[in-house]
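The values are calculated or read from the model by the stated rules, or taken from the named source; none is laboratory data. Note that the structure is a prediction, hence the values are computed from the model and not measured. Cβ placement follows ideal geometry from the backbone for every residue including glycine, while neighbour counts extend to all protein chains displayed.
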Amino acid sequence: MKDTPQRLRSYAPPTRDKIFIWSAVIAGCGIIALLGRYAAITRFGTDEFTGNVLFAVFFVLSIGLYCGFQSVIEEVFNRLSTLFRRREVMAIAETANGKKMHVSVEEPSVTMTQYSDADSDVIGIEEGNATFEKSTDKAPFEVLEVVDDIRHIRFPDGEEAYVGIGLSDEEILLEKAYNDSRDYDAELEEAYKEYLDSMTAEERYDHDHGIKRVKKKREYDEEVGFFSSVSVQEIHNNSDGSTLIEETEQDVYVTPDGSVYYLEDMAPICDFYERHKDDIESHKEILTRKQRCDEAFDKMKRHEELYNLEQVSFICAYITHTMEQFMESHELDKLHNNAKIWTVNPLAQFDSVRLRSNHLSKEDLKHLGYNVGKFLKLKGENIALFIKNVFADSFGTVQVGTIIAKLADRNPGKDRIPLLTAKEMNYLFDHYKRYKTINLDIIPKRLAEEEAKAKLEAAKKKNRK
């Protein structure tokens with residue numbers, strides 16, 4: 001009773017009085033609308049269709065008027081109903097233990113049952129032992145508000161509750177006595193015990209030892225692969241013309257780039273890793289190198305030294321176009337980072353890289369460093385130091401002076417990386433800015449265009465003379 005929510009009164013079922021009132025309202029509005037329709041047809045000569053429309057209008061307007069004055073009308077009905085109710089008399093009943101309680105009775109003196117404390121669960125009843133007197137004391141509770149069929153009441157001890165209008169005072173007081181006698185602490189303890197019993201063994205252990213488990217995200221952001229399964233089919237064409245298809249589910253490992261490796265292929269991969277794991281960079285080393293590269297790159301952006309981001313992007317694209325077929329992907333990434341640092345600090349400490357094979361000669365490697373260095377407008381000493389440090393396996397015993405002296409050497413017919421001038425590298429850069437591709441074929445075209453333009457200018461000057 002005391003826990004009844006306040007909004008519960010909005011969902012109470014309609015009472016008999018309310019049903020009667022609404023029935024009377026609908027009937028009355030219908031009669032008024034019919035009279036209006038009849039008057040419109042007989043007195044004013046309108047047709048039946050117009051009369052039906054007027055009937056609907058009169059009916060809706062009547063309902064609307066009632067809804068507008070509903071509170072006033074219901075108040076009048078409530079006052080009229082109270083005039084015909086039987087008057088209740090408040091009486092005081094005294095129990096065997098001397099307690100008094102207020103009850104409502106229809107007669108001033110009647111016989112009432114007596115409450116006994118002999119058993120808390122059983123109420124002893126004896127007739128004639130409790131006498132009632134007309135009471136002039138206040139009611140057993142105060143009615144604060146009545147909305148629809150719900151009463152908001154307050155007891156003398158200050159406790160409030162929401163009760164139905166159909167409950168008698170005795171039922172309300174009995175319900176309050178029951179609620180007051182309940183041991184909420186015991187019920188709460190019982191519910192807590194049931195909660196503990198519903199735990200698993202692991203949850204109970206964590207609860208008893210104060211252990212809290214939380215989901216933690218992985219410490220790295222790189223995408224990783226996952227294990228899955230694929231269906232492998234083996235088709236057999238039988239001699240009788242039928243076909244037998246055998247399907248086998250095989251476990252596979254899918255890499256982040258979508259490559260699929262069967263489990264029988266994993267053993268050689270693991271063996272390769274065990275043989276070369278000492279030479280493979282650790283995750284920490286890769287992050288350290290990346291951090292150093294990012295710091296150098298940020299420094300370049302802050303001070304706007306040498307070249308902008310588009311020129312750095314062009315250098316990386318040119319290196320990829322030239323060297324991707326001769327290097328592993330992780331080694332190519334190291335070469336990119338070296339080139340980025342080179343644009344900021346020509347004398348930095350560079351990481352050495354390894355080639356996939358010996359297809360490239362020393363002249364080819366010098367051509368690569370010469371082409372990029374001349375595009376960056378660096379001196380021969382800086383280019384030679386970069387080549388010696390980055391390609392340490394090929395130039396470990398070669399002196400820097402020797403590299404400087406032979407930077408522009410060519411080996412016609414055998415060079416895999418052509419030697420380009422700064423002008424030719426600028427041609428490639430202009431083409432990259434427009435199309436975002438590296439195309440060496442545009443160099444002879446641009447040279448031919450430059451030569452034709454020079455001849456045209458010379459002819460114009462000659463004609464002027």
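Observations, loosely collected:
- Annotation note: Cβ proximity below 6 Å between a residue of region 156-176 that is among the basic types (Lys, Arg) and a residue that is loosely packed, with under 14 Cβ neighbours inside 10 Å (sequence gap 6+ or interchain) occurs for no pair.
- Filter result for residue 386 (at negative phi, without any contact (Cβ under 8 Å) to a residue 40 or more places away in the chain, crowded, with 19+ Cβ neighbours inside 10 Å and assigned by TED's automatic domain parsing to the domain that holds residue 317): no
- Qualifying residue in region 397-408 (condition: hydrophobic (A, V, I, L, M, F, W, C), within 23 Å of residue 330 (Cβ to Cβ) and assigned to a helix (DSSP H, G or I)): no
- Search result, residues across region 230-264 that are outside any strand (DSSP E or B), polar (S, T, N, Q) and touching a strand residue (DSSP E or B) at 6+ places or on another chain (Cβ under 8 Å): 238, 255
- Counting only residues that are among the basic types (Lys, Arg) and farther than 21 Å from residue 336 by Cβ, region 388-439 holds 5 of them.
- Selection over region 169-215 of residues that are hydroxyl-bearing (Ser, Thr, Tyr) and modelled with pLDDT of 85 or more gives a count of 5.
- Residue that is farthest from residue 379 (Cα to Cα) [pool: residues in region 410-436 that are outside any loop (DSSP other than H, G, I, E, B) and basic (Lys, Arg)]: 434
- Residue that is farthest from residue 411 (Cα to Cα), among those in region 351-376 that are in a loop (DSSP other than H, G, I, E, B) and of a type outside the set (A, V, I, L, M): 351
- Candidate set from region 367-402 (those that are aromatic (Phe, Trp, Tyr) and closer than 17 Å to residue 420 by Cα); member that is nearest to the chain's Cα centre (by Cα): 375
- Residue count, region 157-190 (criterion: in a helix (DSSP H, G or I) and loosely packed, with under 10 Cβ neighbours inside 10 Å): 4
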